[in-house]
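Student: This structure is in structure tokens; I'll ask about it shortly.
The values are calculated or read from the model by the stated rules, or taken from the named source; none is laboratory data. Every value quoted in this text rests on a predicted model; they were computed, and no experiment measured them. Neighbour counts are summed over all protein chains in view; Cβ atoms, including those assigned to glycine, are modelled from backbone coordinates with ideal geometry.
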Amino acid sequence: MGFRKITALLAAGIALTLASCSGLSRPSPKIEHYSLEYALPAWEKLSLLPVVLKVNRFSAAPQYDTRQIIYREKPFARDAYVYHRWRSTPADLVTYFLSRDLKFSGLFTGVLPHDSGREGMFELEGSVDEFLESDLDDAWEAVLTFSVSLLEANQPDVSKRILFEKTYHAKKICEERNPRALAGAMSQAMADLSARVITDVHDALKGRNSKL
């Protein structure tokens, strides 16, 4: 069990002991929630493609299928903060921000969210493989890894449906050693990977533009 988790549990135990001794009911410690924040990238040199793209909801590796903030202090060990959490699961965060960035890139005729009742000409799906704080000796860093697949929705030949599959990985140093700085570093990682995904999707679909 990590030092911070032990400290949090001891603090909670002391609070409960004091409350029981005083005969008063004390409120539970406040849980802080974090999300991602970053500016939308600009795409002045890429052309608009006449395609409608749908972004399916991403899945996540079991250890990251949670709103808890996961951190690693040593190899093979994973722990979670007690009073700090993501506002949404990593899968939903990656799905939302990637869908948002694709939509506002202005490079596609339409970008549909995963819960849209409409169908897209192409679909983007994927999985979150890493979404954690890695505690190094000299710094903390945000680690983000996800895999994506670009599919042609109406292709009857399954062997030809996948246009590309790729894994994206980024590490960003946290400015400070706290969860808020982690959220900032994770935002930078998501911004970088989102830009790379959009470029790759655009390049893959540009080559098929004459067939659309």
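Student: Could you check segment 38-62 and list, in sequence order, the residues that are surrounded by 14 or more Cβ atoms within 10 Å (Cβ to Cβ) and of a type outside the set (A, V, I, L, M, F, W, C)?
Tutor: 38, 41, 54, 56, 57, 59 - these are the residues of segment 38-62 that are surrounded by 14 or more Cβ atoms within 10 Å (Cβ to Cβ) and of a type outside the set (A, V, I, L, M, F, W, C).
Student: Could you say whether any residue in segment 85-97 is assigned by TED's automatic domain parsing to the domain that holds residue 37, among the acidic types (Asp, Glu) and under 30 Å from residue 51 (Cα atoms)?
Tutor: Yes.
Residue-wise test of (1) in a loop (DSSP other than H, G, I, E, B); (2) over 25 Å from residue 201 (Cα atoms); (3) under 12 Å from the mean Cα position of the chain (by Cα).
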residue: 130; (1), (2), (3): no, no, yes
residue: 138; (1), (2), (3): yes, yes, no
residue: 148; (1), (2), (3): no, no, no
residue: 151; (1), (2), (3): no, no, no
residue: 155; (1), (2), (3): yes, no, no
residue: 159; (1), (2), (3): no, no, no
residue: 176; (1), (2), (3): yes, yes, no
residue: 181; (1), (2), (3): no, yes, no
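Student: Name the single residue that is nearest to the chain's Cα centre (by Cα) among those in segment 64-92 being more than 25 Å from residue 138 (Cβ to Cβ) and among the aliphatic types (A, V, I, L, M).
Tutor: 91
Student: Within segment 54-106, how many residues turn out to be touching a Lys or Arg at 6+ places or on another chain (Cβ under 8 Å), under 20 Å from residue 123 (Cα atoms) and not aliphatic (A, V, I, L, M)?
Tutor: 3
Student: Checking the structure you have, find out if any residue of segment 103-121 is part of a helix (DSSP H, G or I), farther than 27 Å from residue 81 by Cα and in contact (Cβ under 8 Å) with a residue 60 or more places away in the chain.
Tutor: Looking for residues that are part of a helix (DSSP H, G or I), farther than 27 Å from residue 81 by Cα and in contact (Cβ under 8 Å) with a residue 60 or more places away in the chain, one finds at least one in segment 103-121, hence yes.
Student: Working carefully through the options 189, 142, find the one that is in contact with a Leu (Cβ under 6 Å, 6 or more places away or on another chain), in a strand (DSSP E or B) and free of Cβ contacts under 8 Å to residues at least 60 places away in the same chain.
Tutor: 142
Student: For residues that are crowded, with 19+ Cβ neighbours inside 10 Å, within 17 Å of the chain's Cα centre (by Cα) and not hydrophobic (A, V, I, L, M, F, W, C), tally how many sit in segment 93-118.
Tutor: Count: 3.
Student: Another question, then. Exactly one condition in (1) crowded, with 16+ Cβ neighbours inside 10 Å; (2) at pLDDT below 95 is false for residue 74; which is it?
Tutor: Tallying (1) crowded, with 16+ Cβ neighbours inside 10 Å; (2) at pLDDT below 95, residue 74 fails exactly one: (1).
Student: Identify the single condition in (1) closer than 25 Å to residue 63 by Cα; (2) buried (at least 16 other Cβ atoms within 10 Å of the Cβ) that residue 123 does not satisfy, given that it satisfies every other one.
Tutor: Looking at each condition in turn, residue 123 falls short on (1).
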